[in-house]
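For reference, the structure discussed in these notes is given below.
Taken together, the values in this text are just the output of simple stated rules run on the coordinates, not laboratory data. Keep in mind it's a predicted model, so treat the numbers as computed, not measured. Ideal geometry is used to build each Cβ from the backbone, glycine not excepted, and the neighbour counts take in all protein chains shown.
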Amino acid sequence: MNGNIKDIVHHPHPILRKVSTTIPGKKIKQKNFQQFLNDLEATMLAKDGAGLAAPQIGVNDRVVVIFRPDNKHLFLINPQITKKSWGKKVEEEGCLSVIDEKGRIIYGPVERHKRVTCIYYDREGKKKKIQADERLSRVIQHEIDHLDGILFIDHLNK
Ligand SMILES: [Zn+2]
């Protein structure tokens with residue numbers, strides 16, 4: 001079941017501004033949903049993304065995939081941040097959905113929590129918890145924002 005590479009939805013498309021829908025647990029193991037997860041992963045890899053959220057390929061479902069260097073990419077279904085560090089850090093971010101008129105990715109400084117704890121369901125439908133810091137923490141916060149219709153450019157100039 002290979003993934004198909006999908007088109008990326010770009011800002012200011014309204015799909016990127018919707019609050020995405022929670023996935024019912026029984027849907028996770030369904031064949032068409034598993035295919036969708038593969039499509040999301042294949043698209044992230046093809047576009048060289050650090051992560052990709054479902055709305056970025058036009059689907060308002062609460063699903064993200066995050067690139068892992070060991071190729072065991074992290075699927076977060078219905079992710080929820082349950083803890084955030086007080087400590088924050090500003091770093092440059094970009095987004096496959098936010099490009100300039102020449103199609104180049106726009107970057108900007110965003111303040112994020114240094115560490116987060118996140119609960120989610122994995123692609124087998126098992127409930128999981130992850131504690132993340134550094135880059136992974138930043139990517140998780142960026143991708144979950146997408147599920148709430150928030151783009152990193154909303155955090156600029158604060
Ligand atoms: Zn993004």
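For each pair in K26/K83; K27/K127; K6/K29; K31/K84, compute the distance between the two Cα atoms and list the pairs where it is over 23 Å.
Details: K26/K83 27 Å; K27/K127 14 Å; K6/K29 21 Å; K31/K84 34 Å.
Listed pairs above 23 Å: K26/K83; K31/K84.
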### Message
Using a Förster radius of 30 Å, what is the FRET efficiency between N157 and I99 based on their Cβ-Cβ separation? Nearest 0.05, please.
### Response
0.95
### Summary
Rh_Kirkwood(the chain) over Cα pairs, Å, one decimal, evaluates to 15.8 Å
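Below 10 angstrom from the Cβ of R123, what's the summed charge of the other residues (Lys, Arg +1; Asp, Glu -1)?
Values: positive: K29, K126; negative: E41, D122, E124.
Every neighbour counted, the sum reads -1.
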### Message
Placing +1 on the Cβ of each Lys and Arg and -1 on the Cβ of each Asp and Glu in the range 14-155, which of A54, I105, L16 has its Cα farthest towards the positive end of the resulting dipole?
### Response
A54
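To the nearest 0.05, what FRET efficiency results for S85 and K27 with a Förster distance of 41 Å applied to their C-beta separation?
Values: r = 33 Å, r/R0 = 0.80.
After rounding to 0.05, the efficiency reads 0.80.
Tell me, what is a quarter of the convex hull surface for the C-alpha atoms of the range 72-138, in nm² with one decimal? Can you show the working numbers first?
Details: hull surface 22.4 nm².
The Cα convex hull of the range 72-138, projected and averaged over all directions, gives 5.6 nm².
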### Task
Write down the percent of antiparallel bridges among all DSSP beta bridges whose residues are both part of the range 10-158, to the nearest 5.
95 percent
### Summary
Among the range 133-148, those whose backbone N falls under 16 Å of a label point 7 Å along Cα→Cβ from K18 are 146-148
### Charge dipole (debye, nearest 20) of the range 14-155; +1 at Cβ of Lys and Arg, -1 at Cβ of Asp and Glu
740 debye
